[in-house]
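> There's a structure below that I have some questions on.
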Amino acid sequence: MTYKLKINIIADQVSLMLYDKREVEVSKIVWIDQRDLSEKILVKIDKILKKNNITFSNLSGVEFDCDSPYFNRKEKKMSLDENLSSKNKCGFMAWQIGDITAKTMNLVLTKRKK
């Protein structure tokens, strides 16, 4: 069976959610980032997988989303006059760590399937 992992960062709250192939949530881990996301994210991903007896190769993909005003700015085609305040939103480093983690995991999953 395949699963999808979603990483979501809203302000300083990080959520890891594991979904089955029907998009039903199987498991969730939530914590408050205390500027140590780079130290915790892979540990927490390992924890959610082990908790559900799932291996990395059972993942079909990893999605990432955050509430940073700059995340996916090009895709959303935001106008220059939009409020881009980042107050109480996902910080730049948290955004980068989450995004890079998801992209790297997806790259490895893609290479393994070939």
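> For a quick check of your reading of the model, give me the residue pairs whose first member lies in segment 88-103 and is more than 15 Å from Gly61 (Cβ to Cβ) and in a helix (DSSP H, G or I), whose second is open to solvent by 100 Å² or more (accessible area, probe 1.4 Å) and of a type in the set (Lys, Arg), with beta-carbon atoms closer than 7 Å and at least 6 apart or on different chains.
Here the result reads none, with nothing in segment 88-103 linked to a residue that is open to solvent by 100 Å² or more (accessible area, probe 1.4 Å) and of a type in the set (Lys, Arg).
> Would you call Ser60 free of Cβ contacts under 8 Å to residues at least 40 places away in the same chain and among the polar types (S, T, N, Q)?
Numbers: free of Cβ contacts under 8 Å to residues at least 40 places away in the same chain: no; among the polar types (S, T, N, Q): yes.
So Ser60 does not fit the description; no.
> Mind counting the residues in segment 21-35 that are closer than 20 Å to Gln96 by Cβ and open to solvent by less than 70 Å² (accessible area, probe 1.4 Å)?
The first filter runs over segment 21-35 and keeps only residues closer than 20 Å to Gln96 by Cβ, leaving 31-35.
Next cut, open to solvent by less than 70 Å² (accessible area, probe 1.4 Å) only: 31, 33.
The qualifying residues number 2.
> Which of the residues spanning segment 61-92 are surrounded by 13 or more Cβ atoms within 10 Å (Cβ to Cβ) and modelled with pLDDT of 75 or more?
Result: Gly61, Val62, Glu63, Phe64, Asp65, Cys66, Asp67, Ser68, Lys89, Cys90, Gly91.
> Separate question: Any idea which residue in segment 51-60 is most open to solvent (accessible area, probe 1.4 Å), counting only those that are of a type in the set (S, T, N, Q) and in a loop (DSSP other than H, G, I, E, B)? If you could, list the steps in order and put the result at the bottom.
The initial filter retains those residues of segment 51-60 that are of a type in the set (S, T, N, Q), namely 52-53, 55, 57-58, 60.
Checking the rest, the ones that are also in a loop (DSSP other than H, G, I, E, B) come to 52-53, 55.
Numbers: Asn52: 42, Asn53: 144, Thr55: 74 Å².
Result: Asn53.
The values are calculated or read from the model by the stated rules, or taken from the named source; none is laboratory data. Keep in mind that this is a model prediction, so the values were computed, not measured. Because the Cβ atoms are built from the backbone with ideal geometry, glycine has one as well, and the counts that use them run over all protein chains shown. Heads up: the accessible areas ignore ligands, DNA and RNA and are worked out on the full protein's heavy atoms, side chains in. Shrake-Rupley method; radii C 1.70, N 1.55, O 1.52, S 1.80 Å.
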